[in-house]
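Accompanying notes for the structure given below.
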Number of protein chains: 2
Amino acid sequence: MGVTRTSLGELGLRAKAASRLVAGAAGDTRDGALELAADLLEERSRNLLDANAADLSRAEGSGMLAAQIDRLRLSEQRVGAMAEGLRALRRLPEVVGEVVEGFQRPNGLHVERVRVPLGVVGIIYENRPNVTSDAAGLCIKSGNATMLRGSSSAIESNRAITSCLRDALSKAGLPADAVLLVEDTSHEAAIDFMRLDGVLDCLIPRGGHSLVSSVREHATVPFVIDGDGNCHVYVDAGADLDMALAILVNAKTQRPGVCNAAETLLVHRDVAAGFLPRARTALEGVQLLGDEGTRRILPEVGPATDEDFATEFLDMKLSVAVVDDLDAAIDHISRFSSGHSEAIVTNDLAAADRFCEEVDAAAVLVNASTRFVDGGELGLGAEIGISTQKLHARGPMGLRELTSVKYVVRGSGQVRT
Amino acid sequence: MGVTRTSLGELGLRAKAASRLVAGAAGDTRDGALELAADLLEERSRNLLDANAADLSRAEGSGMLAAQIDRLRLSEQRVGAMAEGLRALRRLPEVVGEVVEGFQRPNGLHVERVRVPLGVVGIIYENRPNVTSDAAGLCIKSGNATMLRGSSSAIESNRAITSCLRDALSKAGLPADAVLLVEDTSHEAAIDFMRLDGVLDCLIPRGGHSLVSSVREHATVPFVIDGDGNCHVYVDAGADLDMALAILVNAKTQRPGVCNAAETLLVHRDVAAGFLPRARTALEGVQLLGDEGTRRILPEVGPATDEDFATEFLDMKLSVAVVDDLDAAIDHISRFSSGHSEAIVTNDLAAADRFCEEVDAAAVLVNASTRFVDGGELGLGAEIGISTQKLHARGPMGLRELTSVKYVVRGSGQVRT
């Protein structure tokens, strides 16, 4: 524990020192490092796949679930996608140095708010090795240093990937320590990592409940929660039911394992009898769980408990409730929503406006699938997570969310009276 | 403890329910509540002064320091200033509903990012009763509910002030519970308050070191640190020394007890012999502590330790160091600064630019006093604190910093492919 703490502290100091140099580097230099890193990932893909094979063989011996093993697995194609991801970042516009606001005060002071990197960004994540490259790339692009604390199951893959990134930084004339892998993957080191005050300017946990609770409980550094998505689709009395069906099927089944997939269908009672049987047919392969109103129309559906309504299934499973009106829909959502993405399908303008105003979530959607709430789909270019908290960032977090602002005040000798 | 927790939880639910109604209320209604509250504070000033007298007599019996008693004291004039503060807030432009950004995606989705209230804002603060009125006013103006946890020494004053605010909310047709005073001022209740997950969308501690450390250690809700101001004035080789003297005197002595006052003077060695004796004369009444270079020029000055350089004196006391060059000044600042406000005095453009770029603080100033880093002086209209962290808000926090944004996405049936 003593040794862990020391070495993490030392890593932290190295990251901190590197962060100053990266923050001060020209955008061209940082872009150059991204291009070099993309090249190195491709050049060393054999190397990466060997490292990944070592992780995979340990994982297979450990009884890991097939879905988790799939997330861990790299292929030529996945390595190519990581490289392309870095090249895509390189092409995004620069965010550092943007003048967010500028004005002159009556006393002649010139005030600007200038976008600056956060400094050192910490990421705690699970076993997908592409997160290593994506997150480090976003940090380099936004002028930050990053400390990456991945899963022990991906340690060999992460070492191989970060060594490409570090070599690229060095070749570009930037400090390799702008990307640091925390190799101690013990639980104790994770807690220490969350408490690296004075080093981590922002911690982003990417993982499930227990990681997020652990961060809330133990972190002393500022953090942004990339939380659950218990997303609802509400089919209003004024909905075009064909449109509602298409949106529901897309939101639930296009990729059920992600946070912006729908988990609950709410249907206005006036259209429930017409809509629910069509929904059941269209959602073939999806297990439905319904409230009383639903089961009156679809008696073969099992009962949904409050716990079901509160659950992010991340699976081919959907809870369903019939609601009396828009108010009841909004009440249900405010009770069970995780504040991620909430959709209404309606042609009633007043209902759409009230839904948008009264539903408290990172994103509210009218007549569109919840699946659009994603950095790429909303035009951010890339995303490091989706915030379900309200401070700092809300919804998809891209490059701008990895920055802060600084007041720059220029005067000619003004003093305060 | 059980009872405390329950009652705080109940208060939280009331605040949460009220927050939805305040967030949805028109700006005119919230402005009306502010005007009514200002009127009530004035109408009931006798009442407020009586309550305050009870707090003062307890405080005087408890051996409280004179400066603290002064902060606790209300007068007709201070009550009038509180009322005027609320009226000034009323006149500020509306922040809720501002469309921060809006665009159309290639698939026809219309996307807007709309400014929305945070929800429930918690404030923990010390014994100045005017904070009760100022903070609640800022929260009402920005569409938030607020839970106020002031000091036990100001409890009677705070009760009297919040009852004016609550009555004004009711009269305006808004829920009184949008302003709630946490009357349990025990340490345990403070900890419970920091852990009101699902209720507090943002916690703002306004107080000293021990409060801030306690929040970092115990809080599980998102928070913004209103931290120390260990501010520097650096007099560069290229400075106009008359200007430097005026800025230094202003930054140190105009109001030494506040966070944007200067605590350390750094002087370039080329101008130290010319500047320091003038500074000593101009800073009559200020105790100087100097490094070796300083004491070679001002031998009568006591030695400054690293601890002195790290201290926010908040007093007529200044640490002084002679530095070899701009790099050494920036290094000193990066070592000791609390990241609040840092000033350079220079006529050298390259030095000014490098200082602004490389110094990592909420505000950097060229040829102006650090005292300008304040919500009022920077045109925010009002301030709820000054953030020394980089997430969410940095520098003076006004109405906008009490808001979040929400993505509003409007489509015509789009699904993701």
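So the values come out like this:
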read-out	value
Nitroxide proxy distance, nm - points 7 Å out along Cα→Cβ at B:Asp242 and B:Asp50	5.8
Summed residue charge, Cβ within 11 Å of B:Arg159's Cβ, Lys/Arg positive, Asp/Glu negative	-2
Segment A:Asp197-A:Ser75, extension gain: residue separation times 0.36 nm, minus the distance between their alpha carbons	40.2 nm
Inter-part distance where region B:226-261 and region A:83-138 are each reduced to a Cα centre, Å	31
Angle in degrees between helix A:269-282 and the longest Cα principal axis of chain A, rounded to the nearest 10	70
DSSP-loop trypsin sites (Lys or Arg not before Pro) across region A:138-220, with at most 11 other Cβ within 10 angstrom	none
Violating pairs (Cα-Cα greater than 29 angstrom) within the set A:Lys16/A:Lys171; B:Lys141/B:Lys252; A:Lys252/A:Lys390; A:Lys171/A:Lys390; A:Lys317/B:Lys390	B:Lys141/B:Lys252; A:Lys171/A:Lys390; A:Lys317/B:Lys390
Other protein chain Cβ atoms within 10 Å, averaged over every residue that makes up B:390-397	6
Virtual spin-label span in nm between B:Ala66 and B:Lys171, 7 Å along Cα→Cβ	3.9
Scattering curve values for region B:1-158, log₁₀ I(q)/I(0), Debye with Cα scatterers, q = 0.09, 0.11 Å⁻¹	-0.39, -0.55
Residues with amide H under 5 Å from that of B:Asp240, placed H, sequence gap 5 or more	B:Thr346, B:Asn347
R0 of 51 Å, Cβ-Cβ distance B:Glu43-A:Arg400: FRET efficiency to nearest 0.05	0.60
Most fluctuating residue given options B:Pro106, B:Pro205, B:Pro93, as computed from a GNM of chain B linking Cα atoms under 10 Å	B:Pro106
Those trypsin sites (Lys or Arg not before Pro) in region A:1-98 that DSSP places in a loop and that have at most 14 other beta carbons within 10 Å	none
Length-normalised contact order for chain B - Cα pairs under 8 Å, 6+ apart - percent	18
Under the Debye formula (equal points on every Cα, no solvent term), log10 I(q)/I(0) of region A:94-173 at q = 0.12 Å⁻¹	-0.47
Net lengthening on full extension, A:Val99/A:Arg255 (0.36 nm per residue, minus Cα-Cα)	52.3 nm
Antiparallel DSSP beta bridges within the protein assembly as shown, as percent of all bridges there, nearest 5	25
Using distinct alpha-carbon pairs, which all enter the 1/r mean, Kirkwood radius of region B:42-116 in Å	16.5
Net charge, B:Asn144 excluded, C-beta distance under 13 Å - Lys, Arg +1, Asp, Glu -1	+3
Beta bridges per DSSP with both ends in chain A, % antiparallel, nearest 5	30
Rounded if a/c under 1.5, otherwise prolate or oblate - region A:231-372, Cα gyration tensor axes	rounded
Computed over chain A, the ratio Rg/Rh where both radii use C-alpha atoms and Rh is Kirkwood	1.03
For q = 0.05 Å⁻¹, Debye-computed log10 I/I(0) when each Cα of the protein assembly as shown counts as one equal scatterer	-0.29
Neighbour net charge for A:Ser412 - beta-carbon separation under 13 angstrom, K R +1, D E -1	0
Between 0 and 90°, nearest 10: helix B:27-43 axis offset from chain B longest Cα axis	80
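A short reminder: the numbers here are calculations on the coordinates, not readings from a lab. What you see is a predicted model; the values in this text were computed from it and never measured. Every residue, glycine as well, gets a Cβ built from its backbone with ideal geometry; the counts of neighbours run over all protein chains shown.
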